[in-house]
Amino acid sequence: MNITLRVWRQKGPDDEGRLATYKLTDVSPDMSFLEMLDVLNEKLTLENEEPVAFDHDCREGICGACGVVIDGEAHGPERTTTCQLHMRSFKDGDTITVEPWRAKAFPVVKDLVVDRGAFDRIIQAGGYISAPTGTAPDAHANPIPKPDADRAFDAATCIGCGACVAACPNASSMLFTAAKVTHLGMLPQGQPERASRVVQMINQQDEEDFGGCTNIGECAAVCPKGIPLDTISQLNRDLLGSLSKGVG
């Protein structure tokens, strides 16, 4: 495949960015998108140009580090992580535009790399449980109904990639926060902090300058792990319940 790439280049947070055009030949359709970027960077290095900075780690669709906007879609044309996207999803001769996540709460560090520390601070605000010391409890000491366990597991699959923020017209992180709140709120271990957790995490979310949720649904549409939109409804119920009890 012959591919034309339009890649966002930005030296630092305070520098003005631009789209730079590069041409690649003999791209294998079996390459992952990140492997294709590796090939581009090898080419740039050999030409004494600075390689494109992009974030990645496991390359197995687990860590959530690799998010970029491809042709206007978070993670690209398939519902998967960028590292699991393959070049067979594109055609010979395509022009592909690659940009970083666009959100005030995700400032650009360099090129395609953004600072997603805002997600870490939201989790630090309330995404934890009490952990009393002592011996470990017996297995199944706290029976959990299967629907609750399944919902907790589904919410726990969130990898914090930020695609929900990138896809939302408001740059809201509500699906991410809702996944963390729902995961712990469905389990017995998460009950002691349940009321304070949702208030603290929402307050931190607002402090990070994420936009407000207007239930457009783009977040769930692009989520590579399929976090359902109704987790936001559960967060809202928990939040209203906590505020009605004077928590916060």
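Observations on the structure shown:
- Selection within the range 34-53 - in a helix (DSSP H, G or I) and under 21 Å from Val109 (Cα atoms): Leu34, Leu37, Asp38, Leu40, Asn41, Leu44, Thr45
- Qualifying positions in the range 20-56 - open to solvent by 80 Å² or more (accessible area, probe 1.4 Å) and within 23 Å of Lys91 (Cα to Cα): Thr21, Lys23, Thr25, Asp26, Asp30, Glu35, Glu42
- When the range 188-203 is filtered for residues that are surrounded by 20 or more Cβ atoms within 10 Å (Cβ to Cβ) and either of a type in the set (D, E, K, R) or in a loop (DSSP other than H, G, I, E, B) (or both), only Arg197 remains.
- Checking Ala152, Ala220, Ala178 one by one, the residue that is within 20 Å of Val68 (Cα to Cα), part of a helix (DSSP H, G or I), free of Cβ contacts under 8 Å to residues at least 60 places away in the same chain and open to solvent by less than 30 Å² (accessible area, probe 1.4 Å) is Ala220 and no other.
- Of the residues making up the range 114-145, those that are open to solvent by less than 30 Å² (accessible area, probe 1.4 Å) and β-branched (Val, Ile, Thr) are Val114, Ile122.
- Tally of residues being of a type outside the set (S, T, N, Q), open to solvent by 40 Å² or more (accessible area, probe 1.4 Å) and touching a helix residue (DSSP H, G or I) at 6+ places or on another chain (Cβ under 9 Å) across the range 204-215: 4
- Selection count where residues are open to solvent by less than 40 Å² (accessible area, probe 1.4 Å) and not in a loop (DSSP other than H, G, I, E, B), scope the range 57-86: 5
- Which numbered condition Asn142 misses (of (1) in contact (Cβ under 8 Å) with a residue 12 or more places away in the chain; (2) more than 23 Å from the chain's Cα centre (by Cα); (3) outside any loop (DSSP other than H, G, I, E, B)): (3)
- Which numbered condition Ala166 misses (of (1) in contact with a Phe, Trp or Tyr (Cβ under 8 Å, 6 or more places away or on another chain); (2) in a loop (DSSP other than H, G, I, E, B)): (2)
The values are calculated or read from the model by the stated rules, or taken from the named source; none is laboratory data. No experiment lies behind these values; they were computed from the predicted model shown. A quick note on method: Cβ atoms are made from the backbone with ideal geometry, for glycine too, and the neighbour counts reach across all protein chains shown. Note: accessible area is taken over every heavy atom of the protein model, side chains too, but ligands, DNA and RNA are not part of it. Shrake-Rupley method; radii C 1.70, N 1.55, O 1.52, S 1.80 Å.
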